[in-house]
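What follows is a single structure, written as structure tokens, with notes after it.
The values are calculated or read from the model by the stated rules, or taken from the named source; none is laboratory data. Nothing here was measured: the structure is a model prediction, and the numbers come from that model. Note that we place each Cβ from the backbone using ideal geometry, even for glycine, and neighbour counts take in every protein chain shown. The area values use the complete protein model at the heavy-atom level, side chains included, leaving out ligands, DNA and RNA. Shrake-Rupley method; radii C 1.70, N 1.55, O 1.52, S 1.80 Å.
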2 protein chains.
Amino acid sequence: MNCIVYKPIGIVHSPYTEKSQAPRQGTLNEDPEFVIEVFQDFSEGLDGIERYEYLIVLCHFHQSQFRELKIFPHGSNEKRGVFATRSPNHPNPIAFSVVKLIRREGNSLVVKCMDAINGTPVLDVKPYIPSLDSKP
Amino acid sequence: MNCIVYKPIGIVHSPYTEKSQAPRQGTLNEDPEFVIEVFQDFSEGLDGIERYEYLIVLCHFHQSQFRELKIFPHGSNEKRGVFATRSPNHPNPIAFSVVKLIRREGNSLVVKCMDAINGTPVLDVKPYIPSLDSKP
């Protein structure tokens, strides 16, 4: 099957410069602020986003290293298929985060509850809609 | 910024052959079954996935047509930025779905609550973990 080619729409400005500094799951990371800079060409695409409390952000984890289809999940000594884990080392390293929108400043979104390192490319931003996206 | 290249890990077998047949939001689409066929090379990566009730599936909406940064959201007569909508016509058309896992059959996942059309490329599958992914 053919390859799929995407161009980043933005970049993450993060307090973490290395993977080792980032928390394991961003959703529990409520203190530091991150800035999602959407490139100027796409800025208009953010209009109206202020009405949402949470956003879905899809990033390309550029430092991810996919090696094996079965890996040890965090805190487990039994290997599991990589698609049955939230490891960042998936064959296509697309990181999914639900982030809390603090404010928009022009083409920048100030958010919390993220784990991406500085310079992570952003592929897409969508509103998080609890009636669609929240499951028990 | 450089382009990002992904290779599909699978393909969706769907009762819908055209976009016009698909519901607007898959999450409300509880009747038909869909099959996510993960290519044989990646099959082992599914081991252990049966323990999850819901999965996050990222697809490439290959028939999406990005045209404008401001669009009319469904049922609205006021334009809004495309990133503030769940329109499929985003610059990078990565579809995010939370699907209900019915069963695994080898390298196929039988799921419900989807809206992809037949032949949609699958980029990634991850477990949906309510404590991380569900927001009020």
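Counting 0.36 nm for each residue step from B:Asn118 to B:Cys3 and taking away their Cα separation leaves a gain of 38.7 nm. For the pair B:Ser131 and B:Asn77, the difference between a 0.36 nm per residue extended length and the Cα-Cα distance amounts to 15.8 nm. As a fraction of the 1.4 Å probe accessible area of the protein assembly as shown, surface on carbon and sulfur atoms comes out at 45 percent. Can you list the equivalent-ellipsoid semi-axes of the range A:68-136, largest first and in whole Å, using the square root of 5 times each Cα gyration tensor eigenvalue? Equivalent ellipsoid semi-axes, largest first: 28, 16, 11 Å.
Non-local lysine pairs in the range A:10-129, meaning eight or more places apart or on different chains, with alpha-carbon distances under 17 Å, amount to 4. The mean number of Cβ atoms from other chains found within 10 Å of a Cβ in peptide A:93-100 is 4, as a whole number.
Among the residues of B:37-46, the average count of other protein chain beta-carbon atoms within 10 Å of the residue beta-carbon is 4. Label-to-label distances for A:Pro15 across copies, nearest first, come out at 5.0 nm, using points 7 Å from Cα in the beta-carbon direction. Mean per-residue shielding of peptide B:47-53 is 4, counting Cβ atoms of other chains within 10 Å of each Cβ.
For B:Tyr16, nonlocal amide neighbours, meaning residues 5 or more places apart or on other chains whose placed amide H falls under 5 Å from its own, are B:Asn118. When B:Asp31 is represented by a point 7 angstrom out along its Cα-to-C-beta vector, the spacings to that point in the other copies are 5.2 nm, nearest first. In this entry, the protein assembly as shown is assigned a mean projected area of 13.7 nm², taken as a quarter of its C-alpha convex hull surface.
Per-residue packing, averaged as other Cβ atoms within 10 Å, sorts the ranges B:118-130, A:8-20 into the order B:118-130, A:8-20, beginning with the highest. Based on the reciprocal of the average 1/r between different C-alpha atoms, the Kirkwood radius for the range B:47-104 equals 13.4 Å. Ignoring aspartates and glutamates fewer than eight residues from A:Lys135 along the same chain, the ones with Cα atoms less than 12 angstrom from its Cα are B:Glu53, B:Asp133. Among residues of chain A, the one whose beta-carbon sits closest to the A-to-B rotation axis is listed with its distance in Å as A:Ser134, 2.
Of the Cα atoms belonging to chain A, the radius of gyration and Dmax stand at 15.5, 48 Å. Between copies, the label points at A:Pro130 (set 7 angstrom from Cα along Cα-to-Cβ) are spaced 1.5 nm, reported in nanometres from shortest to longest. The trypsin sites (Lys or Arg not before Pro) of the range A:57-88 meeting both criteria, a DSSP state outside H, G, I, E and B (loop) and at most 16 other C-beta atoms within 10 angstrom of the site's C-beta, are A:Arg67, A:Lys79.
Remark: accessible surface ordering of A:Asp47, A:Asp133, A:Asp31 (largest first) is A:Asp31, A:Asp47, A:Asp133, probe radius 1.4 Å. Converting phi to 3J(HN,Hα) with the Karplus coefficients 6.51, -1.76 and 1.60 and the offset θ = phi - 60°, the range B:116-133 yields 5, 8, 4, x, 5, x, 9, 9, 6, 9, 9, x, 8, 10, x, 5, 9, 9 Hz in sequence order, with x at every glycine or proline.
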